[in-house]
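Step one of this worksheet: look at the structure below.
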Amino acid sequence: MKKGFTLVELLGVIIILGIIAVITVPIVQRTILESAEQAYEKQIQSFERAANNYVSADIYKWTKCETISCEVSIAELQDEGYLEAKEIKNPKTDEPIDTSNVVQIYYSNGKFSFKYDKSQDD
C-alpha cells in the first residue's frame, strides 16, 4: 500500500492556504500603510521640534514673527545641527524630502508655534 496524500487532500490544503492569504494580505498592507503614515507624522514632529530648539537658541531674534512671516528650512536646521545632516526620506513614498522645505514659525501672545506644511511633500 502506498503512503501519501491524495489529490483531493492537496487541493484542500491549497484552497485553505489561498483563503488565509486572501484574508491576511489586505490586513498586512493596511498595517504597513498605517505605520508609514505614523512614521511620516513623527518625522514632521521632529522637524517642528528641531525648529523649536533652533528658535530657543536665540529667542529674541524670532519675536519679530508676530508681525512678519518667519520660516526655517530643513537645510538650515541640518546645517545648524538641529537635524541630522543626511538625506531625509519621506516614509510614505521613500522619496527624498527637499531640504528647501520650510517650517513656519509663528509668535503670538508670548508663545511660539511651528507648522510644517505637508503639501510641500506632494
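No lab work stands behind these numbers, since they all come straight from the coordinates. Predicted, not measured: the structure shown is a model, and the values here were computed from it. As a convention, Cβ positions derive from the backbone with ideal geometry for all residues, glycine included, and neighbour counts pool all protein chains shown.
Can you pull out the residues in the range 43-88 that are closer than 16 Å to Tyr106 by Cα and polar (S, T, N, Q)?
If the condition is that a residue be closer than 16 Å to Tyr106 by Cα and polar (S, T, N, Q), then Gln45, Asn52, Asn53, Ser56, Thr63, Thr67, Ser69, Ser73 are the ones that fit.
Select from the range 98-122 the residues that are without any contact (Cβ under 8 Å) to a residue 40 or more places away in the chain and of a type in the set (Val, Ile, Thr) and list them in ascending order.
Answer for the range 98-122, where residues must be without any contact (Cβ under 8 Å) to a residue 40 or more places away in the chain and of a type in the set (Val, Ile, Thr): Thr99, Val102.
Among the residues of the range 28-40, are any free of Cβ contacts under 8 Å to residues at least 40 places away in the same chain and touching an Asp or Glu at 6+ places or on another chain (Cβ under 6 Å)?
No, the range 28-40 contains no residue that is free of Cβ contacts under 8 Å to residues at least 40 places away in the same chain and touching an Asp or Glu at 6+ places or on another chain (Cβ under 6 Å).
Suppose we filter the range 44-72 for residues that are surrounded by fewer than 18 Cβ atoms within 10 Å (Cβ to Cβ) and either more than 18 Å from Ser113 (Cβ to Cβ) or over 18 Å from the mean Cα position of the chain (by Cα) (or both); how many remain?
Summing the residues that are surrounded by fewer than 18 Cβ atoms within 10 Å (Cβ to Cβ) and either more than 18 Å from Ser113 (Cβ to Cβ) or over 18 Å from the mean Cα position of the chain (by Cα) (or both) in the range 44-72 gives 15.
Within the range 1-107, which helices (runs of 4 or more DSSP H) (wholly inside it) include 1 or more residues that are touching a Lys or Arg at 6+ places or on another chain (Cβ under 7 Å) and not polar (S, T, N, Q)?
Values: elements: 7-57, 59-62, 74-79.
In the range 1-107, the matching helices (runs of 4 or more DSSP H) lie at 7-57.
Looking at the range 28-49, which of the residues that are among the hydrophobic types (A, V, I, L, M, F, W, C) and out of contact with any strand residue (DSSP E or B) (no Cβ under 8 Å at 6 or more places or on another chain) is farthest from Glu80 (Cα to Cα)?
Top of the filtered list is Val28.
On the basis of being in contact with a helix residue (DSSP H, G or I) (Cβ under 8 Å, 6 or more places away or on another chain) and either hydroxyl-bearing (Ser, Thr, Tyr) or more than 15 Å from Val103 (Cβ to Cβ) (or both), does Ala85 make the cut?
In short, yes.
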